[in-house]
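K.L.:
What follows is a structure written as structure tokens; I'll ask about it next.
The values are calculated or read from the model by the stated rules, or taken from the named source; none is laboratory data. Predicted model only: the values in this text are computed from it and were never measured. Cβ: placed from backbone, ideal geometry, glycine included. Neighbour counts: every protein chain shown. Remember, those area values only see protein heavy atoms, side chains included, never the ligands or the DNA or RNA. Shrake-Rupley method; radii C 1.70, N 1.55, O 1.52, S 1.80 Å.
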Amino acid sequence: MTLVLVAGMSLMGAVDATPVAAEASWMPLRDLAKPRPIQVGTAIKHQALEKDPAYAAMLIREYDLVTPENALKWAVLRPGRVAFDFGRADVLVNFAITNNLQIRGHTLCWNLDQHLPPWLLEGRYTPKESRRLLRRHVQAVVGRYKGRVACWDVVNEAVSNDPRKPLLADGFWKRSLGPDYIDLAFQWAHAADPQALLFYNDYDVGDPMGTKSDRIYELVRGLVQRQVPIHGVGLQMHCRLSQPPDEDSLRANIARLTRLGLQVHITELDVGLEGGSGPLTEQLEQQAGVYATVTRAAMDNPQCTALVTWGFTDKWGNTHRNKRLGKPTGTPTHLLPFDREYRPKPAAWAIAKALKGEAR
Ligand code: XIL
């Protein structure tokens, strides 16, 4: 949809022809979340906004927060050592602001090599040069969107999953700058926009009081103790039916993080059907149960201030899980709350109920 790509374009008055708009009993998620209040958001894809007018219309109606899924990552923003390409990011940020959506900036410093550009990995930079590269990146990106991006995932996935290994996972930034890279990234981000809320974001919190969650807690407690400017923790929550999160331990995990004086955001919630049983209709009910669990746990704690899913419609669902499962890339995914025709799935109704505080 070329119209969306015009900076400053508003879709506020656009006709919404998605089926969900026609469901008499459906209320937009953002309206249901207002009394709490908790922000409800979704990751957004540049190509979907560009090609699919219904995607934009539904996004604006249902949500009040968006996370550009890839547009603010090094792989997209940094074609070279000196160059920045803000093209896609600018389009998404302008779209969001024009349409009254807040933005979660994702992510300034992702330690995993496979998500960093080859020129960086292969550049043979000295520790001093790497430090300068990260500082310049954080300053430039946060500085550009100062006052427009409400919060940033400053550091993503820094903690090792393997309990036998040191707390901080191996990766480019740790190798180049040492473990201080985390404190530094937060300090630079804070200097670039003192009003922005700064988050540490990580995955595999499906066993919320398990080893990984303990390690994340240990990391952020250290940041708080050292008075590093951190304001929150993002729990990704990429779930699957084979390992559904336990509601009580998720609540307890959120509670201990908020006792550190931090906010919690659920940042990347989706629920794969791996491990589900029975026909698809039953699996979609099981999936709704997981969405309900996470939404209820989020609603339970006032310091949990945002619930963000990693996309909202299966029409634009991620296919990387298909690859992992050995299925063809084109196979439809079922990860998200709305189906390929934008109709609410049981998952969407379950989120809605939990936002209203109703038991399932
Ligand atoms: C994923 C995107 O969904 C993919 O499109 C991309 O190819 C790789 O990154 N944790 C994160 C997200 O913090 O940025 C990841 O997003 C999913 C896992």
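K.L.:
Just to check your reading of the model, which residue among 290, 294, 228, 233 is buried (at least 21 other Cβ atoms within 10 Å of the Cβ) and more than 18 Å from residue 350 (Cβ to Cβ)?
P.N.:
233
K.L.:
Could you tell me which residue of the range 115-124 is farthest from the ligand (Cβ to nearest atom), considering only residues that are open to solvent by 60 Å² or more (accessible area, probe 1.4 Å) and touching a residue at least 40 places away in the same chain (Cβ under 8 Å)?
P.N.:
Filtering the range 115-124 for residues that are open to solvent by 60 Å² or more (accessible area, probe 1.4 Å) and touching a residue at least 40 places away in the same chain (Cβ under 8 Å), the one farthest from the ligand (Cβ to nearest atom) comes out as 121.
K.L.:
Same structure again: Please verify whether residue 196 is of a type outside the set (Lys, Arg), in contact with a Gly (Cβ under 7 Å, 6 or more places away or on another chain) and surrounded by fewer than 23 Cβ atoms within 10 Å (Cβ to Cβ), treating the condition exactly as stated.
P.N.:
no
K.L.:
Right, here's the next one. Just the residues that are without any contact (Cβ under 8 Å) to a residue 60 or more places away in the chain, over 17 Å from residue 250 (Cα atoms) and in a helix (DSSP H, G or I), please, taken from the range 280-339.
P.N.:
Correct list: 280, 281, 282, 283, 286, 314, 320, 321, 322, 323, 324.
K.L.:
Right, something else. Residue 304 versus (1) open to solvent by less than 20 Å² (accessible area, probe 1.4 Å); (2) away from the ligand (no atom under 16 Å from the Cβ); (3) touching a His at 6+ places or on another chain (Cβ under 6 Å): which is the lone unmet condition?
P.N.:
It fails just one condition, (3).
K.L.:
Then there is this: Could you list, in sequence order, the residues of the range 68-83 that are farther than 19 Å from residue 55 by Cβ, open to solvent by 50 Å² or more (accessible area, probe 1.4 Å) and either outside any helix (DSSP H, G or I) or more than 14 Å from the ligand (Cβ to nearest atom) (or both)?
P.N.:
Passing the criteria: 79, 81, 82.
K.L.:
Are there any pairs, at least 6 apart or on different chains, whose C-beta atoms fall under 6 Å, with the first in the range 160-189 and free of Cβ contacts under 8 Å to residues at least 12 places away in the same chain and the second buried (at least 17 other Cβ atoms within 10 Å of the Cβ), and if so, which?
P.N.:
Close Cβ pairs satisfying both conditions: 179/168.
K.L.:
Now a separate question. Exactly one of (1) buried (at least 19 other Cβ atoms within 10 Å of the Cβ); (2) modelled with pLDDT of 95 or more; (3) within 16 Å of the ligand (Cβ to nearest atom) is unmet by residue 56. Its number?
P.N.:
Going through the list (1) buried (at least 19 other Cβ atoms within 10 Å of the Cβ); (2) modelled with pLDDT of 95 or more; (3) within 16 Å of the ligand (Cβ to nearest atom), residue 56 breaks only (3).
K.L.:
Still on this structure: Which count do you get for residues in the range 219-263 that are closer than 20 Å to residue 156 by Cβ and charged (D, E, K, R)?
P.N.:
2
K.L.:
Could you tell me which residue of the range 91-114 is nearest to the ligand (Cβ to nearest atom), considering only residues that are open to solvent by 10 Å² or more (accessible area, probe 1.4 Å) and more than 18 Å from residue 59 (Cα to Cα)?
P.N.:
110
K.L.:
Criterion first (more than 19 Å from the chain's Cα centre (by Cα) and surrounded by 17 or more Cβ atoms within 10 Å (Cβ to Cβ)) does residue 257 satisfy it?
P.N.:
Judged against the criteria, residue 257 is not a match.
K.L.:
Right, next: Cβ-Cβ below 7 Å, separation at least six or inter-chain, first residue in the range 212-240 and of a type in the set (Lys, Arg), second surrounded by 22 or more Cβ atoms within 10 Å (Cβ to Cβ) and not in a helix (DSSP H, G or I): which pairs?
P.N.:
That search, which allows pairs on different chains as well, returns 212/159; 212/205; 215/159; 240/271; 240/272.
K.L.:
Sticking with this one: Taking the stated definitions as given, is residue 186 over 20 Å from the mean Cα position of the chain (by Cα) and either open to solvent by less than 20 Å² (accessible area, probe 1.4 Å) or among the hydroxyl-bearing types (Ser, Thr, Tyr) (or both)?
P.N.:
Against the criterion (over 20 Å from the mean Cα position of the chain (by Cα) and either open to solvent by less than 20 Å² (accessible area, probe 1.4 Å) or among the hydroxyl-bearing types (Ser, Thr, Tyr) (or both)), residue 186 does not qualify.
K.L.:
Do you know which residues across the range 136-167 are within 16 Å of residue 107 (Cβ to Cβ), away from the ligand (no atom under 16 Å from the Cβ) and open to solvent by 10 Å² or more (accessible area, probe 1.4 Å)?
P.N.:
Selection gives 139, 140, 144, 150.
K.L.:
Let me ask another. Please state which one of 267, 319, 258, 313 is within 16 Å of the ligand (Cβ to nearest atom), under 22 Å from residue 107 (Cβ atoms), modelled with pLDDT of 95 or more and not aliphatic (A, V, I, L, M).
P.N.:
Matching residue, one of 267, 319, 258, 313: 267.
K.L.:
Can you pull out the residues in the range 322-333 that are within 15 Å of the ligand (Cβ to nearest atom) and among the basic types (Lys, Arg)?
P.N.:
323, 324
K.L.:
Take the residues in the range 316-360 that are of a type in the set (Lys, Arg), open to solvent by 90 Å² or more (accessible area, probe 1.4 Å) and touching a helix residue (DSSP H, G or I) at 6+ places or on another chain (Cβ under 8 Å), then tell me which one is farthest from residue 287 (Cα to Cα).
P.N.:
My answer is 356.
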